[in-house]
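Structure, as structure tokens:
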Amino acid sequence: MSSIIELVTAKIAPAIQTPYELVDVEYGKMGGDYVLSIFVDKEGGISLQDTADLSEIISPLLDTIQPDPFPEQYMLEVTSPGLERPLKTAEAVEKAVGKYIHVKLYQAIDKVKVFEGTLQSFDGTDLVMEYMDKTRKKEVTIPYQTVAKARLAVKL
């Protein structure tokens, strides 16, 4: 049985056309409500009008999924991924070169499983990141297959 996220993604992905990009789909309970969150982005960011327009495209499509995969009433939220956008694909990581990112690993490198720093390069296999270790700048090469999660980060 495919998950709600897979069904929703398959149904809505073709309808989200350029300049928009489907970044992520999440479904879960927030407080007492089930929420289906659809994260969409475009160059220069998403406006409230964009989210309203996309909701009108997405909502009727969800009603066409048969059998209805949603066990309960849910709220649809179309939103931007914000400043800490997840980097879910190799293409997304490639676009993040030069940006400040947060990376969590499946397997530690020198006993470290979380790195935050500037992505210097990515060749499809390895990420090269520059990060601060206390007061020293260091560089680490991270094999892409060891990355559990990556996202853009806000540098404080």
In a shell of Cβ-Cβ distance under 14 Å around Pro71, excluding Pro71 itself, what net charge do Lys and Arg (+1) and Asp and Glu (-1) give? -2
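Would you mind working out the magnitude of the charge dipole of segment 86-139 relative to its Cα centre, with +1 at each Lys and Arg C-beta and -1 at each Asp and Glu C-beta, to the nearest 20 Debye?
Working: 10 positive and 9 negative charges, 63 e Å.
Around 300 debye, computed over segment 86-139.
Given a 1.4 angstrom probe, I'd like the percentage of the accessible area of segment 1-114 that is carbon and sulfur, rounded to a whole number.
52 percent
What does the accessible area per residue of segment 1-148 come to in Å², with a 1.4 Å probe and no ligands, DNA or RNA counted?
Working: 9220 Å² over 148 residues.
Solvent-accessible surface per residue comes out at 62 Å².
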Taking the Cα-to-Cβ direction at Glu6 and at Ala108 and moving 7 Å from each Cα, how far apart do the two end points lie in nm? 3.4 nm
Taking the chain, the lysine pairs whose C-alpha atoms sit under 12 Å apart (8 or more places apart or on different chains) add up to 5
Quick query: amide H of Ala153 versus all other amide H atoms, modeled in the peptide plane; which residues come in under 5 Å with a sequence gap of 5 or more or a different chain? Tyr100, Ile101, His102
Amide H partners (placed H, <5 Å) of Tyr34, local residues excluded: Met75
Among (1) 28, 17, 13; (2) 31, 24, 14; (3) 34, 17, 14, which is the computed semi-axes √(5λ) of the Cα gyration tensor in Å? (3)
Using a 1.4 Å probe and ignoring any ligands, DNA or RNA, find the accessible area of Arg85 and quote it in Å² to the nearest 10. 40 Å²
Net +/- balance of residues flanking Asp123 in space, Cβ distance below 15 Å, scoring K and R +1, D and E -1: -3
At a probe radius of 1.4 Å, what is the per-residue accessible area of Asp123, in Å² to the nearest 10? 110 Å²
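Which net charge results for the neighbourhood of Ile5, defined as the other residues with beta-carbon distances under 10 angstrom from its beta-carbon, given Lys and Arg at +1 and Asp and Glu at -1? It would help to have the intermediate numbers written out before the result.
Working: positive: none; negative: Glu6, Asp24, Glu26.
Charge balance in the 10 Å sphere: -3.
Could you tell me the relative contact order of segment 80-135? Use alpha-carbon pairs under 8 Å, at least six residues apart, and round to a whole percent. The partial results should precede the final answer.
Values: 62 pairs, mean separation 15.4, N = 56.
Result for segment 80-135 is 27 percent.
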How much accessible surface area, in Å² rounded to 10, belongs to the heavy atoms of Thr18 with a 1.4 Å probe? 130 Å²
Taking Cα pairs closer than 8 Å and at least 6 residues apart, the relative contact order of the chain in percent is 19 percent
So how tilted is helix 48-62 from the main axis of the chain? Cα-based, degrees 0 to 90, rounded to 10. 60 degrees
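The values are calculated or read from the model by the stated rules, or taken from the named source; none is laboratory data. This is a predicted model, so every value here is computed, not measured. Note: ideal-geometry Cβ built from the backbone for every residue, glycine included; neighbour counts use all protein chains shown. Heads up: the accessible areas ignore ligands, DNA and RNA and are worked out on the full protein's heavy atoms, side chains in. Shrake-Rupley method; radii C 1.70, N 1.55, O 1.52, S 1.80 Å.
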